[in-house]
Each structure stands twice: as C-alpha cells, then as structure tokens.
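Asks: A single structure is presented below for examination.
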Amino acid sequence: MAAANGAGRILAGGTDLLVQMRAGVVAPGAIVDVKRIAEMTTIVEELGGFRIGAAVSAAVIGEHERLAQAWPGVVEAVNLIGSKQVQGRASAGGNLCNASPAADSGPALVAAGAMLTIQGPKGRRDLPVEKLHAGPGRTTLEPGELIVSIVLPPRPARSGDAYLRLIPRTEMDIAVVGCGVSLAFEGDVCTSARVGLGAVAPTVLLVGDAASALIGSRLEPDAIARAAAACRAACRPIDDKRGTIAYRTKIAGVLLARATAIAAQRARSH
Amino acid sequence: MPQVSMTVNGRPIKADVEGRTLLVQLLREKLGLTGTHVGCDTSQCGACVVHVDGKSAKSCTLLAAQLDGANITTIEGLAGADGKLHPMQEAFRDNHGLQCGFCTPGMVMSAVDLAKTNPNASEHEIREWLEGNICRCTGYHNIVKSIQAGAAAMQAAK
C-alpha cells in the first residue's frame, strides 16, 4: 500500500471494487488482497464477545451459530448485502469501507456498539464504527490504514438486536431506509439501547435521542413514539429515485418501532 | 505475470494470468471451459456462478490471482466422468427448467449450493436464493420446480 503512494486499494471480497473498476469509476495503482491474512478472515470469541475479521465473508458470518444467537440483527444485516452468490465473497469490512450511507451492515453495527480495530503505518488503534464514515464513499481512515477486525461486545441475558430495511422490491435492492436497534432489559425495563439509521443522511447515524427515549421505559407506546420522533428529527436525507425526503423521514420512525419490537422479542427469549 | 495454481473440476491447473484477469476469463479463455457464461459483467445476473471452495460465487467479480490454491467447480464439473448428468441437471431437463439456456449454468450451480446448504428448502426459500440469478425466458416457475426435484434427487442419491 505504501509503494502505491495513495493509489492503492484493499481487496477483500471485491464485490464493490471489481465492479467499480469494470465500470471505470476507479483505477487503483495497486490492489492488495487481504483474504490470506488469518486474523482478517476468522471469527473468534473473545472476552465474552466476538472478533470478526474484516474480510470474513457474509456467508461465513451467516453460518456462525453462536454469533447468530448473540447478535441476530448484525447477522441479518450482513446477510442482506447483495445476493447469495455475492455473500459468498462480500465482507462486512468491505461493506463498511465502501462507505455507502445505505449499506446494510452500518446501522446494525452502529446499534451493536461495534468497535473497529484499525492497522496503519503508525500502528493499531480502535475506532467506534459510527466514527468511520466521513460522507458518501469516504471514510476517516488515514492513507495506508485498513480495518483488521470488527469487535462485538458481550451480550448480557435479556438483550437483543434487530435490523430492518425498507426496499420497494423483495430482494437485491438498496435500502430506502435502514434501521438497527439493540436493547438490553432488567425485568421489563429497558436499561440500555442503541439505534443506528442508514440511508437518511450522508453517513450512518447513531441516534442518541432515540436511545434515551427507550432507556428507562417499558417500551410503552409513548416511549416508542418519542423514539420514532427522535429518528425522524435526526434524518437529513436526499430526494432521489428511491424515496423522497418526506417518505424517508416518515419511514425512519416506522422502522424504529418495528425493529424495536423485534429486538425486544429477541431479548425476552435470550 | 503472476502464476496461479488451483484445482478446477478436480484437475490441478497452473496458469500465467495478468493481475487484472478475472476468474471467468481464465475459465473460458485459457481453460476452454465455456459453460460458465458472462451475462452482465457486473455481478447482477448470475450466469457466471461457479463454486469457490464449495460456495457459490460470481466468477465475473473475482480476480484469478486471488484464487491461488482454491478449489473451483464449474458446470462442466458436475456430470460424472461417464457423462451421466448430475441429479440437478437431470431435474432441469425433466422439468423444462430452461428455454434459451443462457442463465442455466449459473442457475444449476446456485441450485446445487442451495441443495447442499438447505436440502429441504421451501418454494419461498428457493425463490429467495435465486435473487442473484436472472432468467429472462422462463418466469422462474419451472426453474423452481426443477430445483425442488433436483434437491430431492440429491438427497435420495446420498
């Protein structure tokens, strides 16, 4: 990467990079394949949580039973990237680095409180996933830096997460809005919450106000309504062929309510 | 020019490839395995699906140089050495699961991966699995029927 002098690109699954190269959108000076680096291509259980190599394919993530039990929302988000045959190659790390505001892995990983382990010429550092994106197609990674792994924290009893997206088709589409929710309960009271929203701003959003509305509540209708209102207030979407500003904003609140219900249901049985 | 070694349909091969050579180009142009088709060239249509280390993948979006040491199966690798069709191929023939046939290699390779991953897939699960395989002739109905029959035949043959 250093020899390429800024023109190098990392190749994980290649499902974005090769298509962009074929379309003439990018012309890297060098391509560095990371799929032979063991720590980037394995999932390990660590400190009660999971460390997922950034280049692990979506298919392998989907087949990891304990990961799917602990973090079903993250796994369902990663398994919405492309089609089955794309998931055989595509990785969560690549999906994050492509930095589409509508990428499915983003909101679920933000809700999960995922930390990224980043390696660069100056050594290693950790970065909360919500700080990765700088804008559409742009990350805060320094030249020469790459994501090595994605760390998901331990799951206490009575916790659950969920990811939902709205698309006009049933499969193989780009989110009009995506929403990830992660909750933990003591008894019936929600003790911690994180909400991630995708495709409603230049970057994936961590919606702190929506989480605050849920924490301390028993997910009564008015708490859900306040959290949905916080999601709508956080939206700064664009108008495009997939959805208007008004539609995206409205749907952000709808998905918050639905994803919260699924996450709470999972927490009850976890 | 990098040299790659891989196993293609059970046969070890070595080839010199350019850095930019795609797996599908290596298969079709160097190895003469033209059963794998190129449709859209942008990983949408699924005509180029092959198995890489047992998982279905789109060979138009893989660099050959990436796959040193990999085990590749193409549509040519499914039938027996005696020419006897794979149960999934039989099922596509019996159920009229193709018309022009262009998408068929990718359809069959995806279907075999599905049948291994989820041997009792429902009609709904089959249709979902085919999200990355586009057919412009059949309307998918007979493809789904073929896959149901092929998956059952694969289980029976175990």
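Asks: How many residues does region A:167-201 contain that are touching a Phe, Trp or Tyr at 6+ places or on another chain (Cβ under 9 Å) and at pLDDT below 95?
Replies: Qualifying residue count for the region: 1.
Asks: If you go through region A:16-26 one residue at a time, do you hit one that is touching a Leu at 6+ places or on another chain (Cβ under 8 Å) and more than 10 Å from every other protein chain (Cβ to nearest Cβ)?
Replies: For region A:16-26, residues touching a Leu at 6+ places or on another chain (Cβ under 8 Å) and more than 10 Å from every other protein chain (Cβ to nearest Cβ): present.
Asks: If you don't mind, there's one more thing I want to ask. For the subset of region A:238-259 comprising residues that are at pLDDT 95 or above and in contact with a helix residue (DSSP H, G or I) (Cβ under 6 Å, 6 or more places away or on another chain), which member is farthest from A:Val176 (Cα to Cα)?
Replies: In this case the residue turns out to be A:Ala257.
Asks: Please determine, by comparing only the residues of region B:68-89 that are in contact with a Leu (Cβ under 7 Å, 6 or more places away or on another chain) and open to solvent by 10 Å² or more (accessible area, probe 1.4 Å), which one is farthest from the other protein chains (Cβ to nearest Cβ).
Replies: B:Ala79
Asks: Which one of the conditions (1) facing another protein chain (nearest Cβ under 10 Å); (2) open to solvent by 60 Å² or more (accessible area, probe 1.4 Å); (3) of a type outside the set (Asp, Glu) does A:Ala30 fail to meet, given that it meets all the rest?
Replies: A:Ala30 satisfies all of (1) facing another protein chain (nearest Cβ under 10 Å); (2) open to solvent by 60 Å² or more (accessible area, probe 1.4 Å); (3) of a type outside the set (Asp, Glu) except (2).
Asks: Now, a different point. Any chance region A:239-253 includes a residue that's closer than 15 Å to A:Val110 by Cβ and either more than 15 Å from the chain's Cα centre (by Cα) or outside any helix (DSSP H, G or I) (or both)?
Replies: Yes; the residues of region A:239-253 include at least one that is closer than 15 Å to A:Val110 by Cβ and either more than 15 Å from the chain's Cα centre (by Cα) or outside any helix (DSSP H, G or I) (or both).
Asks: Return the residue satisfying two criteria in turn: it lies in region A:154-182 and is of a type in the set (A, V, I, L, M, F, W, C) and within 14 Å of chain B (Cβ to nearest Cβ), and of such residues it is surrounded by the most Cβ atoms within 10 Å (Cβ to Cβ).
Replies: Of everything passing the filter in region A:154-182, A:Ile167 is surrounded by the most Cβ atoms within 10 Å (Cβ to Cβ).
Asks: Taking region A:176-199 as the region of interest, how many residues are within 30 Å of A:Lys241 (Cβ to Cβ) and touching a Ser or Thr at 6+ places or on another chain (Cβ under 7 Å)?
Replies: Of the residues in that region, 1 qualify.
Asks: Show me the helices (runs of 4 or more DSSP H) found entirely inside region A:1-90 where at least 1 residues are modelled with pLDDT under 95 and polar (S, T, N, Q).
Replies: By residue number, A:17-22, A:84-87.
Asks: Mind checking which residues of region B:32-54 are among the hydroxyl-bearing types (Ser, Thr, Tyr) and more than 9 Å from the chain's Cα centre (by Cα)?
Replies: Selection gives B:Thr34, B:Thr42, B:Ser43.
Asks: Wholly within region B:91-158, which helices (runs of 4 or more DSSP H) include no fewer than the required count, namely at least 2 residues that are within 14 Å of chain A (Cβ to nearest Cβ) and open to solvent by 30 Å² or more (accessible area, probe 1.4 Å)?
Replies: B:104-117, B:123-129
Asks: Could you check region B:33-67 and list, in sequence order, the residues that are facing another protein chain (nearest Cβ under 9 Å), of a type in the set (Gly, Ala, Ser) and surrounded by fewer than 23 Cβ atoms within 10 Å (Cβ to Cβ)?
Replies: Passing the criteria: only B:Ala65.
Asks: Is it the case that A:Gly243 is open to solvent by 40 Å² or more (accessible area, probe 1.4 Å) and either touching a residue at least 60 places away in the same chain (Cβ under 8 Å) or among the small types (Gly, Ala, Ser) (or both)?
Replies: Judged against the criteria, A:Gly243 is not a match.
The values are calculated or read from the model by the stated rules, or taken from the named source; none is laboratory data. All figures in this text were calculated on a predicted structure; none of them were measured in a lab. We place every Cβ from the backbone using ideal geometry, glycine too, and count neighbours over all the protein chains shown. To get the accessible areas, we keep the full protein, side chains included, count just its heavy atoms, and leave off ligands, DNA and RNA. Shrake-Rupley method; radii C 1.70, N 1.55, O 1.52, S 1.80 Å.
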